[in-house]
Amino acid sequence: MAETLKVVVTGAAGQIAYSLLFSVAKGDVFGKDQNCCKSCPLFLLDIVATDDPMVAFKDADAAFMVGAMPRREGMERKDLLKANVKIFKAQGQAMDQVSKKNVKVIVVGNPANTNACILSKYAPSIPKANFTCMTRLDQNRAQAQIAAKLGVGNDQVSNVIIWGNHSSTQFPDVAHASVTIQGKTVPVPEAVKDDSYLKNEFIKTVQQRGAAVIKARKLSSAMSAAKAACDHMRDWFCGTGDKWVSMGVISDGSYGIREGLMYSYPVRIQDKTWSIVQGLTINEFAREKMDATAAELSEELDAAMAECEA
Ligand code: LMR
């Protein structure tokens, strides 16, 4: 049995955590032989339920930040930011004091990218690379769209990229993706043979999927979000091999994106360390989309930072 991990799940009474906790408990994320001590009993799990961040984050190895204030009808952006600054500031400060310095954090609660920046700002003793946000949900959705279009299983599609914000400005990009059909691996654009679909309907469907789920369920996605959060954390702990996955990570300026933005990039993960996939050719179409989502993130970050100073 491996050493016990302390895993924190915020918003643990909510609908996403309802699916997430079960996957963690049954070993889908950290491995079947991994004991987890949490901030409730299943066979791999001891649970501590608390609303005190100093207790919750103590010695944490991994944190799923699911709780946040999502935008509701009639709410101004400023109100949203104000509420989230308050939540993520308090949690960041607690993490800074009591979590392990190598804690791995995924922010799921929206606006996820900017919430992750706030958290990191208030936990300066923890490396910025340890704070990430979830765009795996978008990647899974994009992969599923392509797989359905081509009549193959989702796992036959690889290296779909999500660039930017987990919002309707995100850029789902299949220019570098491949698909295996009847044993033969080919580039996705070559297999789909429909540039107009890939540049329009495909992108829009993925960008709008969260809103479509809310419209249909009157609630935001839950099981798919929990699965994506688990995929993200599992790959972070176990590695990706040669395959790429998309994660919101702190920008180092790669691909001309403003340094310090929590921007979704394609990454490879080895020894629990992610690195941005470099050297991809970016055409004019992609550049425009990547910059548009970066502009939205910049605006969000500046407004959040102003709120932090207020
Ligand atoms: C999703 O992508 O399903 C959610 O992030 C949508 C939302 O705004 O909660």
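The values are calculated or read from the model by the stated rules, or taken from the named source; none is laboratory data. Note that the structure is predicted; figures quoted are calculated from it, not measured. Don't worry about glycine lacking a Cβ; one is built from the backbone with ideal geometry, like all the others, and counts go over all protein chains shown. Only protein heavy atoms, including side chains, enter the accessible area calculation; ligands, DNA and RNA are left aside. Shrake-Rupley method; radii C 1.70, N 1.55, O 1.52, S 1.80 Å.
Could you figure out which of (1) modelled with pLDDT of 95 or more; (2) open to solvent by 40 Å² or more (accessible area, probe 1.4 Å) isn't true of residue 309?
For residue 309, the failing item is (1).
Residue check: is residue 144 in contact with a strand residue (DSSP E or B) (Cβ under 9 Å, 6 or more places away or on another chain), of a type in the set (Gly, Ala, Ser), within 16 Å of the ligand (Cβ to nearest atom) and open to solvent by 10 Å² or more (accessible area, probe 1.4 Å)?
Yes, satisfied.
Return the residues of the range 64-122 that are of a type in the set (A, V, I, L, M), farther than 20 Å from residue 227 by Cα and out of contact with any Pro (no Cβ under 9 Å at 6 or more places or on another chain); say none if nothing qualifies.
69, 75, 83, 85, 87, 103, 118, 119 - these are the residues of the range 64-122 that are of a type in the set (A, V, I, L, M), farther than 20 Å from residue 227 by Cα and out of contact with any Pro (no Cβ under 9 Å at 6 or more places or on another chain).
Does the range 96-115 hold any residues that are outside any loop (DSSP other than H, G, I, E, B), in contact with a helix residue (DSSP H, G or I) (Cβ under 8 Å, 6 or more places away or on another chain) and under 17 Å from residue 274 (Cβ atoms), and which are they?
104, 105, 106, 107, 113 - these are the residues of the range 96-115 that are outside any loop (DSSP other than H, G, I, E, B), in contact with a helix residue (DSSP H, G or I) (Cβ under 8 Å, 6 or more places away or on another chain) and under 17 Å from residue 274 (Cβ atoms).
Charged (D, E, K, R) and modelled with pLDDT of 95 or more: does that describe residue 86?
no
In the range 218-269, what residues are within 16 Å of the ligand (Cβ to nearest atom) and among the small types (Gly, Ala, Ser)?
The answer is 220, 221, 222, 224, 225, 226, 228, 229, 246, 248, 264.
So in the range 147-167, with the set limited to residues that are among the β-branched types (Val, Ile, Thr) and either under 16 Å from the mean Cα position of the chain (by Cα) or open to solvent by 10 Å² or more (accessible area, probe 1.4 Å) (or both), which one is farthest from residue 234 (Cα to Cα)?
The residue in question is 152.
If the requirement is being at pLDDT below 95 and not assigned by TED's automatic domain parsing to the domain that holds residue 251, which of these qualifies: 124, 70?
None of the other options fit; the residue is 70.
Quick check: anything in the range 123-139 of a type in the set (Asp, Glu) and open to solvent by 10 Å² or more (accessible area, probe 1.4 Å)?
No, the conditions are met nowhere in the range 123-139.
Of all residues in the range 230-273 being in contact with a helix residue (DSSP H, G or I) (Cβ under 6 Å, 6 or more places away or on another chain) and assigned to a helix (DSSP H, G or I), which is nearest to residue 304 (Cα to Cα)?
Once the filter is applied, the top-ranked residue is 232.
Checking the conditions here, which among 179, 188, 206, 192 is under 21 Å from the mean Cα position of the chain (by Cα), assigned by TED's automatic domain parsing to the domain that holds residue 291 and more than 13 Å from residue 289 (Cα to Cα)?
It is 206.
Among 143, 170, 139, which is the only one that is farther than 22 Å from residue 234 by Cα and not aliphatic (A, V, I, L, M)?
170
Is there a residue in the range 214-226 that is part of a loop (DSSP other than H, G, I, E, B) and surrounded by 19 or more Cβ atoms within 10 Å (Cβ to Cβ)?
Scanning the range 214-226 turns up at least one residue that is part of a loop (DSSP other than H, G, I, E, B) and surrounded by 19 or more Cβ atoms within 10 Å (Cβ to Cβ).
Restricting the first residue to the range 147-172 and requiring it to be in the same structural domain as residue 276 (by TED's automatic domain parsing) and among the small types (Gly, Ala, Ser), which pairs with a second residue that is open to solvent by 10 Å² or more (accessible area, probe 1.4 Å) and more than 15 Å from the ligand (Cβ to nearest atom) meet a Cβ separation below 6 Å and a spacing of at least six or different chains?
Qualifying pairs under 6 Å: 147/154; 158/178; 158/243.
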